[in-house]
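The values are calculated or read from the model by the stated rules, or taken from the named source; none is laboratory data. The shown structure was predicted, so the numbers you read here are calculated from the model rather than taken from an experiment. Backbone-built Cβ (ideal geometry, glycine too); neighbour counts: all protein chains shown. In case anyone asks, the SASA skips ligands and DNA or RNA and just uses the protein heavy atoms, side chains included. Shrake-Rupley method; radii C 1.70, N 1.55, O 1.52, S 1.80 Å.
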Amino acid sequence: MKTEKIKELIGQMTLEEKASICSGADFWHTQAIERLKIPATMVTDGPHGLRKQATQGDHLGINDSIEAVCFPAGCGTAASFNRDLLEVMGETLGNECQAEGVSVILGPAVNIKRSPLCGRNFEYLSEDPVVATEMAGSLIKGIQSKNVGTSIKHFLANNQETRRMSSSSEVDERTLREIYLAAFEGAIVKQKPWTVMCSYNKINGVYAAENDTYLTEVLRKEWGFDGYVMSDWGAVNDRVPDLKAGLELEMPSSNGINDKLIIEAVKNGTLEESVVDTAVARILNIVYRFEENRDESAVFNRDKDHDLARKIAHETIVLLKNDNILPLKVTDKIAFIGEFASKPRYQGGGSSHINSHKVTSALDEVAGMTNIIYAKGYRADKDEIDEILINEAVEAAKQSKVAVIFAGLPDSFESEGYDREHMRMPDCQNELIERVVAVQPNTVIVLHNGSPIEMPWVNKVKGILEAYLGGQAVGGAVVDILFGKVNPSAKLPETFPIKLEDNPSYLYYPGEADKVEYKEGIFVGYRYYDKKKMNVLFPFGYGLSYTTFEYSNLKLSKEFMKDTDTVTVSVDIKNTGNRAGKEIVQLYVADKISAVIRPIKELKDFVKVDLQPEETQTVTFELGKRAFAYFNTTIHDWHVESGEFDILIGKSSRAIELSKTITIESTVKLPFTYTRDTIFEDIFKNETARKIVEPLMNMGIFDSINEEDSDAATATISAKMMEAMLKYMPLRGILSFGSGKTVEEFDQIIERLNKEVSNN
Ligand code: BGC
């Protein structure tokens, strides 16, 4: 609807009606105003399928929802690194929403995986903001192409479930910008989600729901967001300040209590009515964007979408280890072991829980294969070692050529609402694996989990498939990969540390009482493990294939550029094996010398290529300022330091195949104020400053620097010492060490420096 028309509608509304639009009519609907023919629209979870509740609503996944299709969860879809695939998944979800009359699907969920313990990691995408924002952006693009809205969530710094509704995430500005905001930024700026969902937590002491800095200054003014912000379910703290800060829609509703506060505030002059009008306009704009673009022909074809879920799952399964065991031979006698073979864990608990219209297990998929036997091995509902089940499994493994153990995390180990207590799998499953590998060296593990786990048996098994929470069709997809019908092509969007204690957030997670300090700063995931040169179980960006790829011919379109310019990077990728396969090519940037503390390297782009045997393709990347920048907290902006940067092309964060160097010249001069405390090293960086200060140094203590010392050994030490002494000495040293200047003269020098050098 045109802005003018919406304005006209608002002009006809009473203050009470306007206030009522600012909160939900019920759990899932916006408020209708029949008198003005304003319809109610429905929103529904999200993110990897429709949790549309026809009758009684809840935000915890308790009550029934309609039968729908459960696609792989975020942990898996991110592992695909396939933007096109996520777009197709988005188009399908968008179509399902059209068919079901859902105006906004509540997702994607992009919060950074700070700790493997976060109970909701299965819904989230990555430890890296580029992966998170790019994959989320593709999903948004697909969904919104069907004229259905998305709600990118949970904005902001909501990286744990512990005390999620009251905890304050204490994060410094640079870390927020480079990691936590960046996960949202690209998707919001490029794909313009119709809505954003604010999180429950506080950010540096202020609730996300009433955080003007992020809801208005960053989201709207900097990033140009033009939809509406809705609260997470129950995230509103104080309705009037929340509204002023930029929270338009309260969900689910406060049964009119908060609407009354809005009305009172307008009446007593503490809230301008125009703020309410703006909020209503933003909400109605989205309401009508959906209403006026209904696709009456849309059909929710569950079987067709199930097939797509399987196709997507193919690309979300990461081959972590393969000692010449996979793909399996269809004729071999194989034991499928573990309850997850018959009942896969394919989704997580909580608000994203889908009522799947059908689920295919790996066992269902191999039902016709008489050479496959099954043993349960453990019970998923309790962590108790069951000798009978283990013995049966050991017997089955002994009788077979290969054992495939389906293991991972049961529902009780990870869910929305609470965090994991440790990074281990259930003891009963670890014990089962140990006992099976003792009798069967040809053992493959298939994992169903939403977040990294410790693998004490990693060196004892021959193959590992990380199937994540792969959606309702995961069983078929796993079987396709086990037998080589499909070549695995996913890579890890997160690091698997060897043990929980290795994780950078370990010391501070989940905080003390209602405060969690993000003291590891920007060193999240591989940014930390790389810097510390730590061994990890499996690195970020890692994943194997049944074929091999060769990287060559890295080219940069230029070797020198200004930070306002862009460079094109190209590289050839060849499939050198004998079967078709897809490869995820990763581009990292490393600042060679930096005055600020930076990671060794950071992912800046990636691309997935599909190659036939012997086929070569050239892939290209375009890098601009942002790829080389860090967030400078003096200018509150992205900044590139002049100097050399390595452009690294890798198969994973720990397998860099090619690199080339580019020199970049900054066009931005950082402001610098000379004070009595400015040290000589910083002064000498600038020629003009040097010229002003140097004459003052030919006296007193500084003269001794040039003195000869007869003993050569002492001479070196003393020269070095004197150099350091001078380098780190503040300007005020001039006064202390006898330059003969008065305090007034000294202050005049500082004034001159600030005048002449900054004008330089
Ligand atoms: C979750 C959201 C979800 C909402 C509605 C909340 O508890 O945090 O992700 O969209 O409920 O179910």
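Of the strands (runs of 3 or more DSSP E) contained entirely in segment 533-648, those carrying at least 2 residues that are touching a residue at least 60 places away in the same chain (Cβ under 8 Å) and of a type in the set (Ser, Thr, Tyr) fall at 549-556. For segment 479-509, the set of residues classified as crowded, with 23+ Cβ neighbours inside 10 Å, free of Cβ contacts under 8 Å to residues at least 40 places away in the same chain and among the charged types (D, E, K, R) is empty.
Residues to consider are 54, 25; find the one that is modelled with pLDDT under 95, open to solvent by 10 Å² or more (accessible area, probe 1.4 Å) and either assigned to a loop (DSSP other than H, G, I, E, B) or more than 23 Å from residue 283 (Cα to Cα) (or both).
Values: 25 fails: modelled with pLDDT under 95.
54 is the lone residue from the list that is modelled with pLDDT under 95, open to solvent by 10 Å² or more (accessible area, probe 1.4 Å) and either assigned to a loop (DSSP other than H, G, I, E, B) or more than 23 Å from residue 283 (Cα to Cα) (or both).
Within segment 295-305, is there a residue that is open to solvent by 20 Å² or more (accessible area, probe 1.4 Å), touching a residue at least 24 places away in the same chain (Cβ under 8 Å) and closer than 30 Å to residue 393 by Cα? Among the residues of segment 295-305, not one is open to solvent by 20 Å² or more (accessible area, probe 1.4 Å), touching a residue at least 24 places away in the same chain (Cβ under 8 Å) and closer than 30 Å to residue 393 by Cα, which makes the answer no.
Checking the structure you have, find out if any residue of segment 5-20 is within 13 Å of the ligand (Cβ to nearest atom), in a loop (DSSP other than H, G, I, E, B) and either at negative phi or exposed (fewer than 13 other Cβ atoms within 10 Å of the Cβ) (or both). Even if it seems obvious, please write down each step before you answer.
Pass one, segment 5-20, residues within 13 Å of the ligand (Cβ to nearest atom): none.
No, because not a single residue in segment 5-20 is within 13 Å of the ligand (Cβ to nearest atom), in a loop (DSSP other than H, G, I, E, B) and either at negative phi or exposed (fewer than 13 other Cβ atoms within 10 Å of the Cβ) (or both).
Summed over segment 571-599, residues that are of a type in the set (A, V, I, L, M), at pLDDT 95 or above and farther than 25 Å from residue 549 by Cα total 3. Can you tell me which residues in segment 516-527 are buried (at least 22 other Cβ atoms within 10 Å of the Cβ) and either in a helix (DSSP H, G or I) or free of Cβ contacts under 8 Å to residues at least 60 places away in the same chain (or both)? The answer is 526, 527. Look through segment 86-107, keep the residues that are buried (at least 24 other Cβ atoms within 10 Å of the Cβ) and away from the ligand (no atom under 16 Å from the Cβ), and return whichever of them is nearest to residue 585 (Cα to Cα). That would be 86.
Tell me yes or no: at least one residue of segment 473-480 is under 20 Å from the mean Cα position of the chain (by Cα) and more than 26 Å from residue 401 (Cα to Cα). Reasoning before the result, please.
Step one: of segment 473-480, the residues under 20 Å from the mean Cα position of the chain (by Cα) are none.
Checked against the condition, which is being under 20 Å from the mean Cα position of the chain (by Cα) and more than 26 Å from residue 401 (Cα to Cα), segment 473-480 yields no hits at all.
Among the residues of segment 239-254 satisfying the criterion of being within 29 Å of the chain's Cα centre (by Cα) and assigned to a loop (DSSP other than H, G, I, E, B), which is farthest from the ligand (Cβ to nearest atom)? The extreme case among them is 246. In segment 44-61, the residues that are without any contact (Cβ under 8 Å) to a residue 40 or more places away in the chain form Cβ pairs under 8 Å with partners that are near the ligand (Cβ under 9 Å from one of its atoms), at six or more places apart or across chains, as follows: 53/27; 53/28; 53/44; 58/27. Against the test of being closer than 30 Å to residue 64 by Cα and among the acidic types (Asp, Glu), the options 272, 291 yield a single qualifying residue, 291.
Quick one: is residue 338 at positive phi and surrounded by 22 or more Cβ atoms within 10 Å (Cβ to Cβ)? Spelling it out, residue 338 is indeed at positive phi and surrounded by 22 or more Cβ atoms within 10 Å (Cβ to Cβ). Tell me, please, whether a residue that is out of contact with any strand residue (DSSP E or B) (no Cβ under 7 Å at 6 or more places or on another chain) and in a helix (DSSP H, G or I) can be found in segment 100-107. Yes, segment 100-107 has at least one match.
Examine segment 202-212 for a residue that is open to solvent by 10 Å² or more (accessible area, probe 1.4 Å) and closer than 23 Å to residue 291 by Cα, and state whether such a residue exists. No, there is no match, as no residue in segment 202-212 is open to solvent by 10 Å² or more (accessible area, probe 1.4 Å) and closer than 23 Å to residue 291 by Cα.
With respect to (1) open to solvent by less than 10 Å² (accessible area, probe 1.4 Å); (2) in contact with a strand residue (DSSP E or B) (Cβ under 6 Å, 6 or more places away or on another chain), the lone exception for residue 118 is condition (2). Among the residues of segment 264-294, those identified as among the β-branched types (Val, Ile, Thr) and either part of a loop (DSSP other than H, G, I, E, B) or surrounded by fewer than 20 Cβ atoms within 10 Å (Cβ to Cβ) (or both) are 266, 270, 275, 278.
For segment 383-396, the criterion of being in contact (Cβ under 8 Å) with a residue 60 or more places away in the chain, more than 23 Å from residue 451 (Cβ to Cβ) and in contact with a strand residue (DSSP E or B) (Cβ under 6 Å, 6 or more places away or on another chain) is met by at least one residue. Considered as a group, the residues in segment 268-277 that are in contact (Cβ under 8 Å) with a residue 12 or more places away in the chain and out of contact with any Cys (no Cβ under 9 Å at 6 or more places or on another chain) include one that is farthest from residue 23 (Cα to Cα), and that residue is 270.
Looking only at helices (runs of 4 or more DSSP H) that lie completely in segment 655-743, which have at least 2 residues being modelled with pLDDT of 90 or more and out of contact with any Cys (no Cβ under 7 Å at 6 or more places or on another chain)?
Details: elements: 680-683, 687-693, 712-727, 733-736.
Hits in segment 655-743: 680-683, 687-693.
With respect to (1) in a strand (DSSP E or B); (2) modelled with pLDDT under 95, the lone exception for residue 64 is condition (1).
Return yes or no: is residue 74 within 15 Å of the ligand (Cβ to nearest atom), at positive phi and under 29 Å from the mean Cα position of the chain (by Cα)? Spelling it out, it is not the case that residue 74 is within 15 Å of the ligand (Cβ to nearest atom), at positive phi and under 29 Å from the mean Cα position of the chain (by Cα). A single member of 131, 110, 148 is more than 13 Å from the ligand (Cβ to nearest atom) and within 15 Å of the chain's Cα centre (by Cα), and it is 131. Looking across segment 433-466, the residues that are surrounded by fewer than 20 Cβ atoms within 10 Å (Cβ to Cβ) and more than 20 Å from residue 380 (Cβ to Cβ) come down to 438, 439, 441, 458, 459, 460, 462. From the list 319, 219, 308, the one residue that fits, being assigned to a strand (DSSP E or B) and either in contact with a Phe, Trp or Tyr (Cβ under 9 Å, 6 or more places away or on another chain) or on the phi > 0 side of the Ramachandran plot (or both), is 319.
Considered as a group, the residues in segment 386-426 that are more than 16 Å from the ligand (Cβ to nearest atom), in a strand (DSSP E or B) and not aromatic (Phe, Trp, Tyr) include one that is nearest to residue 325 (Cα to Cα), and that residue is 402.
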